[in-house]
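Everything below concerns the one structure shown next.
The values are calculated or read from the model by the stated rules, or taken from the named source; none is laboratory data. These numbers were taken from a predicted model, which means no experiment stands behind them. Note that each Cβ is placed from the backbone with ideal geometry, even for glycine, and that neighbours are counted across all protein chains shown. Side chains included, ligands, DNA and RNA excluded: accessible areas come from the protein's heavy atoms. Shrake-Rupley method; radii C 1.70, N 1.55, O 1.52, S 1.80 Å.
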Amino acid sequence: MTEAFSSLFLAALAATLALKLWLGWRHARHIARHRAEVPAAFRDAITVQQHQLAADYCIAKTRFGLFSALLDSLVILALTFGGALQWLAGIAAGASASPLLSGLLLIVGVAALTGCVSFPLSLYSTFGIEARFGFNKTTPRLFIIDQIKGLLLGAVIGLPLVALVLWLMDISGPLWWLWVWLVWTGFQLLMVALYPTLIAPLFNKFVALEDLDLKARIEALLQRAGFKSQGVFVMDGSRRSSHGNAYFTGFGAGKRIVFFDTLLGQLDHAEIEAVLAHELGHFKRRHIAKRIALAFALSLGFLFLLGQLLDAPWFYAGLGVDTPSTAMALILFFTAVPAFTFPFTPLSSSLSRRHEYEADEFAASETDAGKLVSALVKLYRDNASTLTPDPLHSAFYDSHPPAALRINHLQGNR
């Protein structure tokens, strides 16, 4: 059983990596092939130079993604069959006789090791690719401060949660996975509630929208849609990037509407209203609740599966480990699962794209569909989003419909 599981995992890991590389290669080649000419639907709003910048930017990100995928696979092999997990487990066991504390140390050690790999990738993405194409506004000082804040926040929030999970796995008997799921679900809901007022302000400044004309337009839209929020805020996204965005966050009456300051500089009032109507559409069509429910259902299923593997010696040995523990089971499971679940990515992407179409339809019913079209075109242009993605790559990965299809859909709703 051990050898069979090892072979199955290696085959899944290799197949996943090959699929990622093939899709990325197709995507980069397709964009390069269409680099010279702006699609007809966008020629009035996007110049050849802007189209080529978007193509080059997307190709650079795609190639970087291929390198990252290869590196991730090598890290997984080093952790499992390379013996890194076994080595870290020995260090953790030698540091503490307490299973709970040694398990916590093991998880921290794995996080530190993988963090050392991901940190230079993040550096290159920010100060290499994003800077080269003119999007990065993050200073080295701000970058380091963000990293330190993230580590401290992870320690303050994450370590107690992991300790509680390990404790429940040890004392809750055969149904430990159900208790862990309840804790995890509660934690996620708590984070959604606390994020707008306690966590997000640690990284960005949020000020109330001061443009009275825009505020009146937004309030009228919210009233028409029957939507209540805690307020409309502007976030200093320009401190880190020139990309623009808008989002909702929070629960119930505590929901907030947040605009990046960069977005407000890119669009006129009617376009901003249309973008906001699209985001409102996600709430009105209950997309957020559906996605949360799906995530909770999947997490329950995965924890149940882990419950069946927890005491299986072949599960550990098949991944290069000979010292079973609850902490090791968690690490191995969430290291191995992506290799088996990656082929199902198109299902979640398809659901997300369907939700985007539905949100666009809601926006078209509440505002001028033409204004949403012009807003999207500006965002595609200013964010250097490719107008010519590879169709197969897009179907596999993209959470939003390709630009041409989305515009055509909206124009049918005018």
Inset, instruction - Output the residue which, of all residues in the stretch 202-215 that are open to solvent by less than 60 Å² (accessible area, probe 1.4 Å) and closer than 30 Å to Ala293 by Cβ, is modelled with the highest pLDDT. - result: Phe203
Legend entry - Scope the stretch 45-61; condition farther than 10 Å from Arg35 by Cα and under 26 Å from the mean Cα position of the chain (by Cα); matching residues: Tyr57, Cys58, Ile59, Ala60, Lys61
Legend entry - Residue count, the stretch 117-159 (criterion: open to solvent by 30 Å² or more (accessible area, probe 1.4 Å), touching a Ser or Thr at 6+ places or on another chain (Cβ under 7 Å) and of a type in the set (S, T, N, Q)): 1
Inset, instruction - Answer with yes or no whether Arg33 is under 20 Å from the mean Cα position of the chain (by Cα) and surrounded by fewer than 17 Cβ atoms within 10 Å (Cβ to Cβ). - result: no
Inset, instruction - Test Leu298 against the criterion of being surrounded by fewer than 20 Cβ atoms within 10 Å (Cβ to Cβ) and either modelled with pLDDT under 90 or within 29 Å of Ala15 (Cβ to Cβ) (or both), and give yes or no. - result: yes
Inset, instruction - Please determine, by comparing only the residues of the stretch 181-201 that are β-branched (Val, Ile, Thr) and within 24 Å of Phe259 (Cα to Cα), which one is most open to solvent (accessible area, probe 1.4 Å). - result: Thr197
Inset, instruction - Return the total of residues in the stretch 321-354 being open to solvent by 40 Å² or more (accessible area, probe 1.4 Å) and of a type in the set (Ser, Thr, Tyr). - result: 5
Inset, instruction - State whether one or more residues within the stretch 397-406 are open to solvent by less than 10 Å² (accessible area, probe 1.4 Å) and farther than 21 Å from Glu271 by Cβ. - result: no
Inset, instruction - Among the residues of the stretch 36-54, count how many are surrounded by fewer than 16 Cβ atoms within 10 Å (Cβ to Cβ) and within 25 Å of His409 (Cβ to Cβ). - result: 7
Inset, instruction - Go through the stretch 91-114 residue by residue and tally those that are open to solvent by 30 Å² or more (accessible area, probe 1.4 Å) and not aliphatic (A, V, I, L, M). - result: 4
